[in-house]
Every structure is written in structure tokens, then in C-alpha cells.
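Take a look at the structure below.
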Amino acid sequence: MTITIPYYEDMSRVSNSYIGYFKKSPKLFRDSLDGKIKSDPTKPMENGTMVHMYLLQNSDFFKEYKILDFNTPGSLQQKAFCEQYINSKADKPILKAAEAFKNVYNTKLKSEDKIASEGLEMALKLKDYIKFLRGKESGKKIISFAALNALKKKQQNVLAHKKANELLTYKPANGFDSNEFHINWEWKMSNNPFIEEKIDCKSLLDRIVVDNDNKKIQIIDVKTTISVSDFKKSFDEYDYGRQLAFYWMAIIWYLEKDLGLDISDYSHETYIIAVDNITHACRVFNIEDNILMAKADELKDILNDIYWHMQNGKWDYSRIYYEGDGSESLNCA
């Protein structure tokens, strides 16, 4: 398995997220794969990414995030002042400060000296924030001490949970374990090696453990949620079963094709470590095989449909629409 393009930059392969788009609309899938649809990450998505990195790639966390240990604007005017200061063409700090202050605040009753004095005072107060805005923090994201403490509490609770701790820290003597494991793989329409009909896919697993001594394979996924006590609702709403089944398809391909393992000799386990965003509580859920098998069957049907659309170049409607009389079943919607 050769990977030359980072996971999120590779638009040539189908991921579980793209399959979610396809279920909504073949056209949405095609436009997303073509990069025509851009969406900014939501706050829950940003929080999930942050928690994942803190738990699974802690050594890299502070390369990506800067703890907010300096004064930040307390108002929209102060924020605008900082932006005006940076954009000023003046050649001296006191002149930049005076210009920015004039552009943001009402200075009709103030003298030039007073404007310069108050502007410079504000620039000095917010100098670290101004430095941050100028990009001298190498593009890092800033988070507050409160956010960092919340991450620490989540980590403490996860490591205090006996099963979560075991899943995240176990290292097999013979085999391998890896966090954020990227797999580029192929879905083939047929088991016949002479048939080249396939879809190029990609998966990014939170954690995988392959234990050759105990003949055991584990997939561990970390999810943040608004309530671990009602996690079944999130599991169904976001179709996590499909995502995990897609991961297993990737793992089976990788272990057989790249490592040459006979996975029929191995047992397999699938877990979700759910972390509550409010209470920071942790629970571990063992995902049953019957859920994964049902979702794997669904995935095979979806991938076959995706292949049909790719071959025929028809994306406005579903395959059923094109092959039938134009009506579609609610069961397929």
C-alpha cells in the first residue's frame, strides 16, 4: 500500500463520508468528490477533531494548537483595532496604533497625542494577539485554558476506564498497533482476479490492533457525543455501524493483500469509546457482528450502485430512476 496524498487531500477515492453523500443524492456525491462543495467544519466537528488528537496523537497536539495564554480582544471594536493595526501601512508602531484607533473609535473630542497614547496602550495590551494574527504562530489554532482542562478531564476519565485504557494502551508483542491509520484500498465488484471492475477507496481508522500471538484484530473508534447515556441515538443517527463496517472492509483488504495474513484464523472485535462533551464521562460499547454484517451488505449494494453511476456518467437521479419508469420507492429514499 503506497500513500502519496494525505487522506483529506485525496479526492480520487471514495470514503465513508462520500458514501453518506451518495445516500442523500448521487449528484451530491459527484459534486463532493469533484470538490465543488466546500463546507466549513462545524463546532462539534472541530471539537471532535481536537479530542481525537489529544487522546490519540497527544505528542502532536501542541504542534497544532496554541493555548490561549495572552490577552485577546474583549469586544468587536478591539478585534477590529487589531486587524486595522496589522493592515496599516504606517512605518512606526505608534503611527499604526493611532491610525487603527481612529478607524475604529470615535476620536472627535480627543487630541492627536491622546489618540496616539490610547492607541499605543491598546496595541501593547493586545500585542500577543496581534502577533498571532500576523501568522507568527505557524497557523496554529488557539484554545483556552478552560478547553485544555476539559481535554485533560476527558483523557483522565478515558484512562481511568478499565476497558478504554486497555484498548488505547495495549501493544501486542507480535503484531502492530496504530492510531490514525490510513488505508488506501480497492473494492472489487467480483472475486474473480481477472475482472478489473473496482472502486478506489480510502479509510482513516482511529485505532487498529493486530495481535498475531493471540490471533486477534481490534478496531477502536473514538466518538464525542452530547450524552453517553443516550449514545444509541447518535449511533443510529450518524450511521456509525456503516462507518465501522467500511473500516472492516478496508482492514480485510489490507491484511490480506498487503500483509498476506489469513484473517480466517483471527477473531475480531469492534469497539467505540464514547466521550461525553458535557460531563466528560466515558463509556465503551462493543459493536455486535450482526450490526456490522447487515451494514456490510448495505455497503456492497451502495458501492455497486456507485460503480454503475461512474460507468454510465448519470448523476442527477438514482440508478432505480434510470433503469425503471422514473418512480422510486420510499424504502430507497
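Laid out as a table, the results:
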| read-out | value |
| --- | --- |
| Residue match in region 143-152 (condition: among the aromatic types (Phe, Trp, Tyr) and buried (at least 18 other Cβ atoms within 10 Å of the Cβ)) | no |
| Residues located in region 30-52, provided they are in contact with a Leu (Cβ under 9 Å, 6 or more places away or on another chain) and over 22 Å from Ile19 (Cβ atoms) | Met50, Val51 |
| Odd one out for Val104 among (1) under 13 Å from Leu126 (Cα atoms); (2) buried (at least 17 other Cβ atoms within 10 Å of the Cβ); (3) hydrophobic (A, V, I, L, M, F, W, C) | (1) |
| Candidates Leu68, Leu56, filtered to the one that is closer than 30 Å to Lys152 by Cβ, modelled with pLDDT of 95 or more and not polar (S, T, N, Q) | Leu56 |
| Of all residues in region 231-254 being in contact with a helix residue (DSSP H, G or I) (Cβ under 9 Å, 6 or more places away or on another chain) and of a type in the set (A, V, I, L, M), the one that is surrounded by the fewest Cβ atoms within 10 Å (Cβ to Cβ) | Ile252 |
| Failed item in (1) in contact with a helix residue (DSSP H, G or I) (Cβ under 8 Å, 6 or more places away or on another chain); (2) part of a strand (DSSP E or B); (3) at pLDDT 95 or above, with Ile142 passing the rest | (3) |
| Breaking point among (1) within 20 Å of the chain's Cα centre (by Cα); (2) in a helix (DSSP H, G or I), for Gln77 | (1) |
| Positions within region 255-271 being surrounded by 13 or more Cβ atoms within 10 Å (Cβ to Cβ) and among the hydroxyl-bearing types (Ser, Thr, Tyr), in sequence order | Tyr266, Thr270, Tyr271 |
| Matching residues in region 85-99 - criterion: being under 16 Å from Phe132 (Cβ atoms) and out of contact with any Lys or Arg (no Cβ under 8 Å at 6 or more places or on another chain) | Asn87 |
| Matching residues, region 285-333, being more than 17 Å from Phe29 (Cα to Cα), small (Gly, Ala, Ser) and surrounded by fewer than 16 Cβ atoms within 10 Å (Cβ to Cβ) | Ala294, Gly324, Gly326, Ser327, Ser329 |
| Search result, residues across region 109-134 that are surrounded by 12 or more Cβ atoms within 10 Å (Cβ to Cβ) and assigned to a loop (DSSP other than H, G, I, E, B) | Lys110, Leu126 |
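The values are calculated or read from the model by the stated rules, or taken from the named source; none is laboratory data. All values reported here derive from a predicted model rather than from experimental measurement. Note that we place each Cβ from the backbone using ideal geometry, even for glycine, and neighbour counts take in every protein chain shown.
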